[in-house]
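What follows is a single structure, written as C-alpha cells, with notes after it.
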Amino acid sequence: MSLLSRIAHALEVEHDPSKSYAEQFTTNEDLLPVVPENRTWRGYNYVAFWIADMFNINTWMIVSSMIQLGMSWWQAYLCVWVGYGLVTPFIVANARPGAIHHVTFPVVNRTSFGVFGSLWCVFNRGAMACIWYGVQSSIGGTCVLVMLRAMWPSVNNIPNSLPESSGTNTRDFMCFLLFWLISLPAIWYPVHKIRHFFVVKMIVTPIAAVVFLIWCIVKAHGVGPILNQPSQLHGSNLGWAMIVSLMSCISNSATLVTNAPDFASRARSPAAALYPQLFAIPLTTGVVCLIGIIVSSSSQAIYGEAIWSPIDLLGTFLNNDPSPAARFGVWFISASFIIAQIGTNISANSVSAGCDLTALCPRFINIRRGGYIAAIVGLCMCPWNLLKSSNSFTSYLSAYSVFLSSIAGVMITEYYVIRKGHYKVTDLYSTTRDSWYWYTWGINFRAYAAYIAGIMINVVGFAGATGQTVPIAATRIYELSFFTGFGTSAIVYYVLNRIFPVPGAATDFVETDVSRYEDRDDKSISSSQSHKGPEITEVPVDVKEEKRDSIDA
C-alpha cells in the first residue's frame, strides 16, 4: 500500500469495507436513517431549538429596516407575524419526510432530484451554511468585545497591528477568534445530544432579554417615542413596503425550509416535529422582535437616536465610566448573546453544513467533520468584509432565497403530490437502474427543469435589484420571489410528472416505506442489495393500513 493510500485510508470515516465503490459514494452512517435509540427529540426540544435559532441579533434587528422605510412600529410588527407565520407551514411540510422516514435533507432531496442530481442542491445549501457560519461568528465576535469591555475596559484600546488590507483590526479579530474557538466544542456533540444545549439557551437567553427590556424601560422612564411614531407611508406605497418587509422575513428563513429534515430526522415521533414547530416559530420571532422594538425605542429616549443593534446599545452603556452594577448587567446580557449566537450557528449552520458535506463526500466526511469544515471556511472567508458591504450582501441573500425556494417547491411537490408519502428507503442508497430514484443516470431532469423555471421567473426582477432598469411587473414578481419561485417550480414539476410519470407515483396518500427498511433484521444497505435493487416493491394492504392507523393515532 502506497503512502497516499495509507493516508486516504486513515482519513476515511468508519464504513463497511464490503461495500462497492458506488455504495461508498452514497452511504455512510450519518446518511442512513437515524437508528431508533438516536430519535430522542421530543416536542419541547423543537421549541427549544427555535428559541435557540430565533433569539439572535439578526431577528432582534429585522424590524429596524421596516421602520426606517417609514412604517409605524405596529405595521412592522404585523409584517413579522405574517411573514414568519407564512413560512412556518413550508418548514413543517418539508420537515415531514425527515420525521417519518428519519433521513436528513441530502437524502430527502434524492427522492426528487435523483441520487446524483441531488448533489448540486446539497452543494448550494452547504456553501450557504458555511458562509452564514462565518457571518454569525463575526457578529458573535462583537458580543465578545462588549463582554470583555465590561470586565476590562482597556480592551477597547488595544493597538492595531494588522494591515488595512485585512479589513479588520487586532482588537476585533481577537474577539472574533475567541468566539470562533468557544464555538468549536459545540460542534463535537452529535445531533441527538446537542438538544441539551438548546434547552440551556431556552432558559438563559429569554431571561437576559427580559432583563435588558426592563433595564432600558427604567433608564428611559418609559417605552420611548418610536411606539408613538405614525406611519409615513400610505396607500399602495405602504402595501408594497409591507409585502417587501414580510418577504424579508420569509427569505431570512429560506435556508431553514430546505434543511428542515436534518433535525426532524431525530424526532421521537412525527407529532413532535409538527405541532411544536407550528407554534414555536411565529411566537418566538414575535417575542424577540417586540423586545427589540421596545428596547430600541427606549434607546431613542435615552440617547436621542434609535440604536437598533443590541450589542451597539450595550457598548454605549459602557461609555462614560459606568457603575459596577451596570458593567455586570452588560456582561451578563452580552454573555447571553454569545450563547445565543453559538446556538444559532449550530441550529442553522454547522449541523446543516455537516449533513450536506457528508452527502458530497461520505467516504471521508461525517456530520461532525462537516461542521468543523464549515467553521474553518467561516474563518478563512474573512466574513467581516461581507458585513461591511451590507447592501451587496443583502442583495446576494435575497437572490439566494430564489434558488432555495425552487428546491423546496420541487421537494414538497414530490412528497405530497407525486409520490404521496410513499418512500422506498433502500433505493435512496442504490445506484442501479431499477431504483425509484435513479431516473436518468442518477439525475431527475424533470426536477431540474422545474428548478430552473423557478429561478428564471425572478431573473429580470433581480437585475432590477442590482440597479438595472426593468419593468415594474418584473420588480413586483421579484419582491414576491419566494412564492413565485416556489409556485413556478412546483407547477412545472407537477406538469412534467403528469407527462412523464416516474416509478413509484402513487394515487393514495399513505406515509409508508414500501421497502420496509425498518422491519429488516439487518439494516445495512449493502447486505440487502449488493449491486441489485431491493426486491420488495410494494407493501401489503394490511401493512399500509397499520401505518395509516399509527399516523392517525
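The values are calculated or read from the model by the stated rules, or taken from the named source; none is laboratory data. Everything numeric here is computed off the predicted structure, so don't read it as measured data. Here the Cβ positions follow ideal geometry from the backbone for every residue, glycine too, while neighbour counts run over all protein chains shown. Note: accessible area is taken over every heavy atom of the protein model, side chains too, but ligands, DNA and RNA are not part of it. Shrake-Rupley method; radii C 1.70, N 1.55, O 1.52, S 1.80 Å.
If I take R0 = 22 Å and measure r between the Cβ atoms of residue 388 and residue 459 in this structure, what FRET efficiency does the formula 1/(1 + (r/R0)^6) give, to the nearest 0.05?
Plugging the Cβ-Cβ distance into 1/(1 + (r/R0)^6) gives 0.20.
For region 29-387, which whole percent of the accessible surface, found with a 1.4 angstrom probe, sits on carbon and sulfur atoms?
Details: 8700 of 12980 Å².
With neighbouring chains kept in place, the figure for region 29-387 is 67 percent.
A DSSP coil position with no more than 13 other Cβ atoms inside 10 Å describes none of the trypsin sites (Lys or Arg not before Pro) in region 252-331.
Accessible area per residue (1.4 Å probe, heavy atoms of protein chains only) ranks 431, 466 as 466, 431, with the largest value leading. Ranking 367, 373 by solvent-accessible area of protein heavy atoms (1.4 Å probe, all protein chains present), from largest to smallest, gives 373, 367. Here the Karplus relation 6.51 cos²θ - 1.76 cosθ + 1.60, evaluated at θ = phi - 60°, turns the backbone of region 111-123 into coupling constants of 5, 9, 9, x, 4, 9, x, 5, 4, 5, 4, 5, 4 Hz, with x for every Gly and Pro. Expressed per residue, the C-alpha convex hull volume of the chain stands at 170 Å³. Backbone amide hydrogens, once placed in the peptide plane, bring residue 512 within less than 5 Å of 422, 423, excluding anything fewer than 5 places away on its chain.
Probing with 1.4 Å while keeping every protein chain in the model, the per residue accessible area of region 29-387 equals 36 Å².
For region 125-178, what does the alpha-carbon gyration tensor say about shape, rounded, prolate or oblate, given a ≥ b ≥ c as the root eigenvalues, a/c under 1.5 as rounded, and a/b over b/c as prolate?
Here region 125-178 falls in the oblate category.
Seen from residue 302, the other residues with C-beta closer than 15 Å to its C-beta sum to a net charge of -1, counting Lys and Arg as +1 and Asp and Glu as -1.
Estimated at 0.36 nm per residue, the fully extended path between residue 236 and residue 319 surpasses their Cα-Cα distance by 25.5 nm.
Packing-based ranking of 162-171, 412-421, 128-137 yields 128-137, 412-421, 162-171, ordered from highest to lowest mean Cβ neighbour count within 10 Å. Among the protein heavy atoms, those of residue 379 account for about 40 Å² of accessible surface (1.4 Å probe, every chain in place). Cα gyration tensor of region 361-493, axes a ≥ b ≥ c as square roots of the eigenvalues: rounded (a/c below 1.5), prolate (a/b > b/c) or oblate? Here region 361-493 falls in the oblate category.
Residues 445, 197, 279, sorted by accessible area with the largest first, give 279, 445, 197 [1.4 Å probe; ligands and nucleic acids excluded].
Please identify which residues in region 428-462 have an amide N closer than 19 Å to a label point set 7 Å out from the Cα of residue 505, following the Cα→Cβ vector. Backbone N within reach: 434-451.
Taking Lys and Arg as +1 and Asp and Glu as -1, the other residues whose beta-carbon sits under 15 Å from that of residue 494 total +3.
Summarising the label geometry, the points placed 7 Å from Cα in the beta-carbon direction at residue 65 and residue 519 lie 5.1 nm from one another. Phi angles across region 422-431 convert, under the Karplus curve 6.51 cos²θ - 1.76 cosθ + 1.60 with θ = phi - 60°, into 3J(HN,Hα) values of 7, 10, 10, 4, 4, 6, 5, 10, 9, 10 Hz, Gly and Pro given as x. Here the spin labels are modelled as points 7 Å beyond Cα on the Cα-Cβ line, and at residue 360 and residue 184 they lie 2.1 nm apart.
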